[in-house]
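Q: Just dropping this structure here.
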């Protein structure tokens, strides 16, 4: 390989396809309400029925990891959330997470649970979905990830129906997930009434945190929010 080709390959190896980078309030998870920079990577191998970021499946712009970190820094906030799509579908996401941590940010990763999280930097807070039957992607769950969750991580169930709730409750008990990390139950935005899910959780005294998406309460489904 000549020098020009070698330099071109090296540059490509340091890039990620980015849908958007923006500052907003964290709408979910333990960090809800904190001003947060969101780095949304392009692409996702899943097609969940309730997905609200389908615009991130395609397109995007290539950016170097150093440029991404500098753009994040320009927003002057401490919290950074790397999300998608499915961010781990781009292998260089692991390098981005490491560099964001090195830069002193508090970094969280929103991941579908369909891809191995073992390579993720230990400093990163993983917010990992478990795909319920109602998502249409339950077969994509990478079950080995459950054993990798730590007390600072969070596992999220998006509940689409009473059947989803019962399935999730059984899985919660089977794997003793609440003893491993924080567990979040969230109603699918258009499929389950928030009050209904809240009443199920209370009735069963589940050791989970009920959550709604703050950003949707504030701004609806506006992109970049």
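The values are calculated or read from the model by the stated rules, or taken from the named source; none is laboratory data. Bear in mind that the values here come from a model prediction, so they are computed numbers and not experimental data. When we count neighbours, we look across all protein chains shown, and the Cβ atoms used for this are built from the backbone with ideal geometry, even at glycine.
Q: Determine whether residue 37 is surrounded by fewer than 21 Cβ atoms within 10 Å (Cβ to Cβ), modelled with pLDDT of 95 or more and over 21 Å from residue 141 (Cα atoms). Walk me through it before giving the result.
A: Details: surrounded by fewer than 21 Cβ atoms within 10 Å (Cβ to Cβ): no; modelled with pLDDT of 95 or more: yes; over 21 Å from residue 141 (Cα atoms): yes.
Answer is no for this residue.
Q: Another question, then. Of all residues in the range 69-85, which are touching a strand residue (DSSP E or B) at 6+ places or on another chain (Cβ under 8 Å) and either outside any helix (DSSP H, G or I) or surrounded by 21 or more Cβ atoms within 10 Å (Cβ to Cβ) (or both)? Explain how you work it out, then say what you get.
A: So in the range 69-85, the residues touching a strand residue (DSSP E or B) at 6+ places or on another chain (Cβ under 8 Å) come out as 71-72, 75, 77-85.
Those that are touching a strand residue (DSSP E or B) at 6+ places or on another chain (Cβ under 8 Å) and either outside any helix (DSSP H, G or I) or surrounded by 21 or more Cβ atoms within 10 Å (Cβ to Cβ) (or both): 72, 75, 77, 78, 79, 80, 81, 82, 83, 84, 85.
Q: Among 88, 96, which is in contact with a helix residue (DSSP H, G or I) (Cβ under 7 Å, 6 or more places away or on another chain) and either closer than 22 Å to residue 47 by Cα or surrounded by 20 or more Cβ atoms within 10 Å (Cβ to Cβ) (or both)? Show your work before the answer.
A: Numbers: 88 fails: in contact with a helix residue (DSSP H, G or I) (Cβ under 7 Å, 6 or more places away or on another chain).
Just one listed residue meets the conditions, 96.
Q: Pairs under 8 Å by beta carbon, first residue at positive phi and without any contact (Cβ under 8 Å) to a residue 60 or more places away in the chain in the range 25-51, partner in a loop (DSSP other than H, G, I, E, B) and surrounded by fewer than 21 Cβ atoms within 10 Å (Cβ to Cβ), six or more apart or different chains?
A: 43/57; 43/58; 43/60; 43/90
Q: Next question. List the pairs whose first member sits in the range 137-152 and is free of Cβ contacts under 8 Å to residues at least 24 places away in the same chain and at negative phi, whose second member is assigned to a loop (DSSP other than H, G, I, E, B) and surrounded by 10 or more Cβ atoms within 10 Å (Cβ to Cβ), and whose Cβ atoms are under 7 Å apart, counting only residues at least 6 apart or on separate chains?
A: 138/131; 138/132
Q: Out of the residues in the range 99-117 meeting the condition of being under 12 Å from the mean Cα position of the chain (by Cα) and farther than 12 Å from residue 46 by Cα, tell me which one is surrounded by the fewest Cβ atoms within 10 Å (Cβ to Cβ).
A: The qualifying residue surrounded by the fewest Cβ atoms within 10 Å (Cβ to Cβ) is 117.
Q: When the residues of the range 160-202 are narrowed to those that are in a loop (DSSP other than H, G, I, E, B) and free of Cβ contacts under 8 Å to residues at least 12 places away in the same chain, which ends up farthest from residue 149 (Cα to Cα)? Break it down into steps so the answer makes sense when it comes.
A: First pass over the range 160-202, keeping only residues in a loop (DSSP other than H, G, I, E, B): 160-161, 175-176, 180-181, 188-193.
Filter once more, so that each one left must be free of Cβ contacts under 8 Å to residues at least 12 places away in the same chain: 176, 193.
Details: 176: 12, 193: 29 Å.
Residue satisfying both the conditions and the ranking: 193.
Q: Only residues that are more than 14 Å from residue 155 (Cβ to Cβ) and surrounded by 20 or more Cβ atoms within 10 Å (Cβ to Cβ): list them for the range 121-134, please.
A: Here is the first cut: in the range 121-134, the ones more than 14 Å from residue 155 (Cβ to Cβ) are 121-124, 133-134.
Passing the criteria: 124, 134.
Q: Is at least one residue of the range 113-129 touching a helix residue (DSSP H, G or I) at 6+ places or on another chain (Cβ under 9 Å), in contact (Cβ under 8 Å) with a residue 24 or more places away in the chain and assigned to a helix (DSSP H, G or I)?
A: No - not one qualifying residue is present in the range 113-129.
Q: Got a number for residues in the range 135-160 being in contact with a helix residue (DSSP H, G or I) (Cβ under 9 Å, 6 or more places away or on another chain), over 20 Å from residue 29 (Cβ atoms) and surrounded by 16 or more Cβ atoms within 10 Å (Cβ to Cβ)? Break it down stepwise before answering.
A: Initial filter on the range 135-160 (in contact with a helix residue (DSSP H, G or I) (Cβ under 9 Å, 6 or more places away or on another chain)): 135, 138, 146, 149, 155, 157-160.
The next check asks that each one be over 20 Å from residue 29 (Cβ atoms); those that pass are 138.
Then drop every residue that is not surrounded by 16 or more Cβ atoms within 10 Å (Cβ to Cβ), which leaves none.
Qualifying residue count for the region: 0.
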